[in-house]
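Structure, as structure tokens:
The values are calculated or read from the model by the stated rules, or taken from the named source; none is laboratory data. Quantities reported herein were computed from a predicted structural model and do not represent experimental measurements. All Cβ positions, even for glycine, are placed from backbone atoms using ideal geometry, and neighbour counts span all protein chains on display.
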Amino acid sequence: MLHDFLHLKAPGHWINDPNGFIFYRGQYHLFYQHFPYEPRWGTMHWGHAVSDDLVHWEHRGIALFPSKGYDCNGIFSGSAVEVDGQMYLYYTAIRYLQENPEDIHRALDDRFEASQALVISPDGLRFDNLKAKRQVLPVLSQPGDPKNTRDPKVWRAADGSFRMVLGSTHQGVGRLLFYRSEDGLHWTYLNRYTDPALGTTLECPDLFPLGDRWLLLGCPMGITADGLLYPDQSTFAPADFDEASGTLTLTRAPEFLDWGLDLYAPQSTLDKEGRRVLIGWMRMPRPVEDAPDGRPAWRGMMSLPRLVEWRDGRVCFPVHPNVPRCFTRPAADLSPLGEHRPVRLTGTLRNGESWNLGGFRIGMTDGCLETDRSPLLEGLTGCRTTARTPDLGADFCRLEVYLEEHIVEVYIDDGRYVLSQVVYGLGSALEGTFETMTTV
Ligand code: FRU
């Protein structure tokens with residue numbers, strides 16, 4: 001069996017969104033959007049991995065694959081809940097409207113329809129793609145959109161019944177749809193929420209209570225149009241939500257969840273200790289061809305797990321405590337990276353100062369943290385090289401940085417802001433003053 005440590009990577013070929021993230025029968029399960037033939041997006045399957053601690057991952061192969069008329073062109077994103085000891089996996093079923101004679105893995109002229117479906121697994125390890133699937137919501141034209149209605153996030157409500165939120169669109173404006181079910185099988189429409197803050201279409205919604213409020217995570221399409229590679233972004237917004245009626249009000253404008261702008265489609269669950277934890281997909285502009293563990297060319301990985309919590313009136317995303325716990329060995333420099341061992345650095349950065357981590361530059365200017373990865377993109381064009389947080393309101397900040405061969409994650413002031421970026425060819429140069437430098 002293939003294993004990953006810290007960052008779950010594609011077992012080969014392509015991955016995108018995390019799906020069905022759940023702590024179930026004593027283990028974490030993480031499914032993911034997977035095209036198992038090439039390092040590019042195509043007919044979607046759900047790959048599957050399990051973990052005891054959110055940092056050591058064991059790949060378990062493909063869980064869900066197209067097998068029905070309604071899902072014959074893809075198993076899009078969705079979520080998991082436990083119902084009477086069984087694992088219920090909800091997903092969006094895709095059917096193309098016309099065959100594409102030159103590439104059966106992509107819809108011709110982007111013409112497809114979407115419905116919502118369910119697979120019931122008795123134990124989270126066996127998935128009967130022929131007998132255990134059923135459609136739970138048909139292709140919708142009202143109040144949804146037959147094509148762009150997707151990514152069911154299901155949870156158990158305070159009264160023991162179930163809720164589902166779907167991302168959708170209406171007349172060019174992003175929309176959320178809310179459904180209710182008593183048994184997880186039969187669903188009735190409850191309410192909707194439409195807002196230009198949700199872009200033109202909202203993908204991958206996630207909605208959960210956090211303290212005495214609710215938090216909406218979502219990926220609005222079309223809110224930035226800067227002509228660069230990644231126009232779609234992950235956002236979060238505090239909200240008031242009435243579970244009984246499905247009435248949502250955003251109490252603040254959405255903000256970026258990760259200022260590196262590579263992270264997309266985050267999904268959350270509750271960890272073993274009952275804390276809200278999320279993982280997001282790190283988009284990679286090109287595949288890694290020469291993996292040291294011999295896996296086929298792979299493209300896409302998951303972020304580190306992050307907690308979601310309120311602190312001083314703000315939503316913060318500190319790294320999950322199981323991550324720093326792995327970094328016990330002192331490291332004098334970046335050389336462990338050469339042995340494919342990750343490095344953790346901590347320190348304080350003041351206005352006007354900068355660090356150089358193997359070609360990845362982190363600096364503080366005018367109260368903002370800025371990064372520049374331009375030497376680490378190996379000739380890629382049309383890809384963001386620099387990133388910048390909002391004004392931190394101070395002239396110094398505390399940094400906790402995780403470095404691996406293909407990713408740098410920067411936690412600022414213990415997750416008050418996070419900035420993560422994909423890199424290629426991290427070097428061994430090291431300039432800066434660090435308080436701790438450790439490896440695993
Ligand atoms: C987000 C997304 C989802 C969809 C899936 C398809 O990255 O577009 O909305 O379900 O990817 O792979």
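Some points to look at:
- Per-region count, region 1-23, residues surrounded by fewer than 24 Cβ atoms within 10 Å (Cβ to Cβ), farther than 24 Å from residue 117 by Cα and within 16 Å of the ligand (Cβ to nearest atom): 1
- In this structure, residue 278 does not qualify as surrounded by 20 or more Cβ atoms within 10 Å (Cβ to Cβ), more than 30 Å from residue 405 (Cα to Cα), within 16 Å of the ligand (Cβ to nearest atom) and not basic (Lys, Arg).
- On the stretch given as region 359-396, residues that are touching a strand residue (DSSP E or B) at 6+ places or on another chain (Cβ under 6 Å), free of Cβ contacts under 8 Å to residues at least 24 places away in the same chain and over 16 Å from residue 284 (Cα atoms) total 4.
- Odd one out for residue 389, checked against (1) within 22 Å of the chain's Cα centre (by Cα); (2) surrounded by fewer than 17 Cβ atoms within 10 Å (Cβ to Cβ); (3) within 30 Å of residue 313 (Cα to Cα): (2)
- Residues of region 113-150 that turn out to be under 25 Å from the mean Cα position of the chain (by Cα) and under 17 Å from residue 190 (Cβ atoms), as a count: 5
- Residue match in region 32-39 (condition: surrounded by 24 or more Cβ atoms within 10 Å (Cβ to Cβ), away from the ligand (no atom under 14 Å from the Cβ) and under 14 Å from residue 79 (Cα atoms)): no
- Residue 95 being at pLDDT 95 or above, of a type in the set (Lys, Arg) and within 16 Å of the ligand (Cβ to nearest atom): yes
- Residues satisfying the stated conditions in region 259-275, i.e. more than 16 Å from the ligand (Cβ to nearest atom), of a type in the set (A, V, I, L, M, F, W, C) and either under 12 Å from the mean Cα position of the chain (by Cα) or under 18 Å from residue 54 (Cα atoms) (or both): 270
- Members of region 294-311 found to be within 16 Å of residue 409 (Cβ to Cβ), assigned to a loop (DSSP other than H, G, I, E, B) and of a type outside the set (A, V, I, L, M, F, W, C), listed by number: 300, 303, 305
- Lone unmet requirement of (1) within 16 Å of the ligand (Cβ to nearest atom); (2) closer than 26 Å to residue 57 by Cα; (3) of a type in the set (Val, Ile, Thr) for residue 235: (2)
- Meets criteria (part of a loop (DSSP other than H, G, I, E, B), in the same structural domain as residue 408 (by TED's automatic domain parsing) and not aliphatic (A, V, I, L, M)) for residue 347: no
- Among the conditions (1) in a loop (DSSP other than H, G, I, E, B); (2) within 26 Å of residue 276 (Cβ to Cβ), the only one that residue 218 does not satisfy is (1).
- Residue within region 253-274 that is acidic (Asp, Glu), assigned by TED's automatic domain parsing to the domain that holds residue 204 and surrounded by 20 or more Cβ atoms within 10 Å (Cβ to Cβ) present: yes
- Scan of region 266-312 for residues that are in contact with a Gly (Cβ under 8 Å, 6 or more places away or on another chain) and among the hydrophobic types (A, V, I, L, M, F, W, C), ordered by number: 281, 282, 284, 297, 298, 302, 307, 310
- Within this structure, residue 42 passes the test of being under 21 Å from residue 107 (Cα atoms), within 14 Å of the ligand (Cβ to nearest atom) and at pLDDT 95 or above.
- Filter result (in a helix (DSSP H, G or I) and among the hydrophobic types (A, V, I, L, M, F, W, C)) within region 312-337: 326, 337
- In the set (1) in a strand (DSSP E or B); (2) more than 16 Å from the ligand (Cβ to nearest atom); (3) crowded, with 20+ Cβ neighbours inside 10 Å, residue 192 fails one condition alone, (3).
- Matching option when the condition is more than 15 Å from the ligand (Cβ to nearest atom), more than 18 Å from the chain's Cα centre (by Cα) and under 19 Å from residue 297 (Cβ atoms), among 61, 69: 61
- Residues in region 359-388 that are farther than 16 Å from residue 430 by Cβ and of a type in the set (A, V, I, L, M): 364, 369, 377, 380, 387.
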